[in-house]
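Written out below as structure tokens is the structure these notes cover.
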Amino acid sequence: MNAVKEEAIKLISNLPEDTSWDDIIYEMYVKKKIEVELKAADEGKVISHEDVKKRFAR
């Protein structure tokens, strides 16, 4: 079994018994977004807090 499928099974197994399809989709979406952003941070593809403040100050 590949790693993604194993992670999906683990994620679903940890959800409450009354979980809806929407709950499952949301949890998978959040997990994927976190993984993508952690990878970006590891690769240095981030913006400093000061740069963000400057962009929003305009």
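The values are calculated or read from the model by the stated rules, or taken from the named source; none is laboratory data. Owing to the predicted nature of the structure, the values given are computational and were not obtained by experimental measurement. Don't worry about glycine lacking a Cβ; one is built from the backbone with ideal geometry, like all the others, and counts go over all protein chains shown.
A compact table of results
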{"item": "Qualifying residue in the stretch 24-38 (condition: loosely packed, with under 10 Cβ neighbours inside 10 Å, among the charged types (D, E, K, R) and at pLDDT 95 or above)", "result": "no"}
{"item": "Test: residue in the stretch 30-49 that is more than 16 Å from the chain's Cα centre (by Cα) and in a helix (DSSP H, G or I)", "result": "yes"}
